[in-house]
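The values are calculated or read from the model by the stated rules, or taken from the named source; none is laboratory data. Just so we're clear, the structure is a prediction, and the values are computed from it rather than from any experiment. Here the Cβ is made from the backbone with ideal geometry for all residues, glycine too, and neighbour counts use every protein chain on show. Surface areas here come from the heavy atoms of the whole protein model, side chains and all, with no ligands, DNA or RNA. Shrake-Rupley method; radii C 1.70, N 1.55, O 1.52, S 1.80 Å.
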Amino acid sequence: DHLSQISSAIRSASPAKTALEEYAVKTKIQQSLIDFCTRFLVKGQDEALNPIIEQWPQIAEMEGADFAKKYPSAESWIENLLKNTQRSAVSPVLSWTMNLPYFSEGADGFNTGFFNAELDRDGTIRRAHLLLRTGHTIVPSIALKAFLLAHNYNAQVAFSYNPRTRLNEVEKIDVLNDEGEMVFSIPVDIQGRLAINFAGKQKMFPHVSLAELLSETEEMSYEVRERDAKSGEWREVTKRVKKADFLKDKLFIVGATAVGIYDLRVTPFEENFPGAETHVNVLDNLERRDFLKSHPDEEYYMIIGIVLLGALLSIALSHLNALPGLTLAGAIFAGISWIDRYYLFGQGTIVTIILPLTLILVLFFVLISYRYFSEERRKKELRTTFAKYVSPAIVEEILSDPSKIELGGRKAKVTVFFSDVRGFTTISEKLDPKALSDLLNEYLTPMTDLVFSNRGTLDKYMGDAIMAFFGAPIPHSEHAKDACSCALQNLKRLDSLRAEFRQKGLPDIDIGIGLNTGEVSVGNMGSQTVRSYTVMGDAVNLASRLEGITKQYGVRIVISEFTHAEVRQFFLCRELDWVRVKGKIKPVKIFELVAEGHGDAQIQSWLKPFQEGYQLYHQKQWARAISLFEQTLSVKPDDGPAKLYLERCQNYLADPPDTDWDGVFTMKTK
């Protein structure tokens, strides 16, 4: 009892130590306990307990036998102190501003309620204190007091002591009638706070001007929000009613709504919400009993749900790509939100939905980020390894779609590229294997780089020969143009390599290149054990034949009529012949790839007489053709095609061909 009085003094008087000393005179309590209470108040619980526990035998002896029997240990006395004094979960109020006497005199007894507002951390009002206390005196809120008075009810607050928190926590608030029978219970938390079930924005309840209310007129106006029958939207309306009928059986909360009064609050529905109307919402909750309440087993079900959701979602997201994973996570997120909004919250049950929603977001971003970085690292390793053996384009295609590693091909239009070193057998006889290998590496490396830089795909090396193709695995319409650019760049790079080889005392080399455009089968070919990403088809064979033809015509690049049709507007070409290659019946026109663009005046000086002589050759005008080919050789003495046609014309003059001669030259070798 003494400690209870001291507790009240601590909460209501200042300074606390003076109040304790005054009570000590009245209660004759020992100074040691006064010191403890002072330390408990000023320094905090933990620092105060240790000296009391250490000095308990002396304290108990000074207090007397009855005291020592009642409290055999310091812990028992401290437990009683914490349980029966100021350690209550209901929020304390140190001072009150009471009503003016003018208003209080008209009230029936102590009919006072507080209207303190509690804001969440984000400044929003979501809960309302139904109880506050000073010492052991509990005071109801204005909404709870108005409701009890209106129905002649009483409220009974039940407390339960929680040893874990050492607090007297509010267990429930029961509403009783005059006979002491329970009408219903108000679901509150341990501090006596009610979660407000807001009706909506402001003016969901009638707003009446105080001037209208106190006027002597029989009618009055009020503003309220009503739902439009057609659109379903809420809109503010003003109504005119008879005052006596409107005021009958009404409960009023009187307060200020003007912006300048600064009694506007933030609610989940509106930022500028009249503070008085928050109490009206609480009063409405009590009248309708449509409380928002927590599920009694939420903690148990929440733990199980989060564990199961986390496990299942982790498994699913670890097997899905980003887009399907986002779809799944979004669907679960929306589903949980829908259940909470229309099933749980719709029935007045508040669930800590932020926990599962946060779990979904965290799992999605963590797992997708982990998969992204781990897969990118794995792709980088594969790209680095395989790019040394196959074209980077093939590596990228396989990484984007691993199914393309399987055997089989697809039909595609590509340009096939073959190049070969002239007289390589003779060169290999002059060099030892190590020097030959070094020479090949110095030659193949820049040539391969040029294939890659022109969006080409390296198929394979065949000793000194290179096979490549353009237009696959990544399709693009300019594959013939890229192949021709690559061929010309090969020759230009070869010229610089030849100069380097001469300085090193290495043999001089030259190459021939054949290009053909057509439909092929492209994909992984081979066996179940060993496979290669390559192209197959008649177009490939023709490209190989064209590379061999370069030797007979004394040119370095030969392209087919099919490639020429794709690139003639970009490159200067001259028609070389109509040939029937070995193994084929239908003849093909072949062209020499001369230069990019239209060529300069020097090229035109020997190209123009050759083309005129070529036309006369097919017209069987051998003598006139000979003079034009000789003119070509006078400008370009080493021109292989001019020499070839000069010899043919001379032979045909001496021994004319058959009358059915069609100008087609049949190749006897590959």
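How many residues are assigned to a helix (DSSP H, G or I) and either touching a Lys or Arg at 6+ places or on another chain (Cβ under 8 Å) or among the aromatic types (Phe, Trp, Tyr) (or both) when one looks only at region 549-573? Show your work before the answer.
We begin by selecting, within region 549-573, every residue assigned to a helix (DSSP H, G or I); these are 549-553, 561-567.
Now drop any that are not either touching a Lys or Arg at 6+ places or on another chain (Cβ under 8 Å) or among the aromatic types (Phe, Trp, Tyr) (or both), which leaves 550-551, 553, 561-562, 564, 566-567.
Qualifying residue count for the region: 8.
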key: Selection status of THR257, outside any strand (DSSP E or B) and touching an Asp or Glu at 6+ places or on another chain (Cβ under 8 Å)   = yes
task = Among the residues of region 621-670, write down those that are open to solvent by 50 Å² or more (accessible area, probe 1.4 Å), in a loop (DSSP other than H, G, I, E, B) and within 28 Å of LEU593 (Cβ to Cβ).
result = GLN621, LYS636, PRO637, ASP638, ASP662, LYS668, THR669, LYS670
request  = Take the residues in region 528-562 that are within 48 Å of the chain's Cα centre (by Cα) and polar (S, T, N, Q), then tell me which one is nearest to ALA487 (Cα to Cα).
outcome  = THR534
message = Cβ-Cβ under 6 Å, sequence separation 6+ or interchain: first residue in region 490-505 and free of Cβ contacts under 8 Å to residues at least 60 places away in the same chain and assigned to a helix (DSSP H, G or I), partner surrounded by 10 or more Cβ atoms within 10 Å (Cβ to Cβ) and of a type outside the set (A, V, I, L, M). Which pairs?
response = ARG493/PRO446; ARG498/ASP508
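Which count do you get for residues in region 176-188 that are free of Cβ contacts under 8 Å to residues at least 40 places away in the same chain and either part of a loop (DSSP other than H, G, I, E, B) or under 16 Å from LEU131 (Cα atoms) (or both)?
Residues flagged as free of Cβ contacts under 8 Å to residues at least 40 places away in the same chain and either part of a loop (DSSP other than H, G, I, E, B) or under 16 Å from LEU131 (Cα atoms) (or both) within region 176-188 amount to 6.
Picking from ARG568, ARG624, ARG556, which residue would you name as being of a type in the set (Lys, Arg) and more than 23 Å from GLN489 (Cβ to Cβ)?
Residue meeting the stated conditions: ARG624.
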message = Pairs needed: first member in region 221-235, within 18 Å of GLU277 (Cβ to Cβ); second member anywhere, open to solvent by less than 70 Å² (accessible area, probe 1.4 Å) and in a loop (DSSP other than H, G, I, E, B); C-beta distance under 6 Å; at least 6 residues apart or different chains.
response = TYR222/PRO206; TYR222/VAL208; GLU223/LYS203; VAL224/LYS203; VAL224/PRO206; ARG225/LYS203; ARG225/MET204; ARG235/ASP228
ask   = Quick check: is even one residue across region 187-195 open to solvent by 50 Å² or more (accessible area, probe 1.4 Å), under 15 Å from LEU283 (Cα atoms) and modelled with pLDDT of 90 or more?
value = no
request  = May I ask you to verify whether GLY325 is in a loop (DSSP other than H, G, I, E, B) and either open to solvent by less than 30 Å² (accessible area, probe 1.4 Å) or touching a helix residue (DSSP H, G or I) at 6+ places or on another chain (Cβ under 8 Å) (or both)?
outcome  = no
remark   = Of the residues in region 554-606, those that are free of Cβ contacts under 8 Å to residues at least 40 places away in the same chain and among the acidic types (Asp, Glu) come to GLU561, GLU575, ASP600
inquiry  = Among the residues in region 305-315, are any among the hydroxyl-bearing types (Ser, Thr, Tyr) and either exposed (fewer than 11 other Cβ atoms within 10 Å of the Cβ) or free of Cβ contacts under 8 Å to residues at least 12 places away in the same chain (or both)?
reply    = no
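Does THR534 count as surrounded by 24 or more Cβ atoms within 10 Å (Cβ to Cβ) and within 13 Å of THR415 (Cα to Cα)? It would help to see each step written out before you state the result.
On the way: surrounded by 24 or more Cβ atoms within 10 Å (Cβ to Cβ): no; within 13 Å of THR415 (Cα to Cα): yes.
So THR534 fails the test.
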query = Which one of these is loosely packed, with under 15 Cβ neighbours inside 10 Å, outside any strand (DSSP E or B) and within 46 Å of the chain's Cα centre (by Cα): ARG164, ARG235?
reply = ARG164
inquiry  = Between a residue in region 63-82 that is farther than 18 Å from LEU167 by Cβ and open to solvent by less than 50 Å² (accessible area, probe 1.4 Å) and any residue that is modelled with pLDDT under 75 and of a type outside the set (S, T, N, Q), which pairs come within a Cβ distance under 6 Å, given they are 6 or more apart or on different chains?
reply    = ALA74/ILE52; ALA74/ILE53
query = Can you name the residue in region 273-304 that is β-branched (Val, Ile, Thr) and either in contact with a helix residue (DSSP H, G or I) (Cβ under 8 Å, 6 or more places away or on another chain) or touching a residue at least 40 places away in the same chain (Cβ under 8 Å) (or both) and is also most open to solvent (accessible area, probe 1.4 Å) among such residues?
reply = VAL280
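Tally the residues that are in a strand (DSSP E or B) and touching a residue at least 12 places away in the same chain (Cβ under 8 Å), restricting the search to region 119-142. Spell out how you get there, then give the answer.
Step one: filter region 119-142 for residues in a strand (DSSP E or B), giving 124, 127-129, 131-134, 137-141.
Filter once more, so that each one left must be touching a residue at least 12 places away in the same chain (Cβ under 8 Å): 124, 127-129, 131-134, 138-141.
Here the count works out to 12.
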key: Matching residues in region 462-474 - criterion: being under 44 Å from the mean Cα position of the chain (by Cα) and either over 17 Å from GLY409 (Cβ atoms) or in a strand (DSSP E or B) (or both)   = MET467, ALA468, PHE469, PHE470
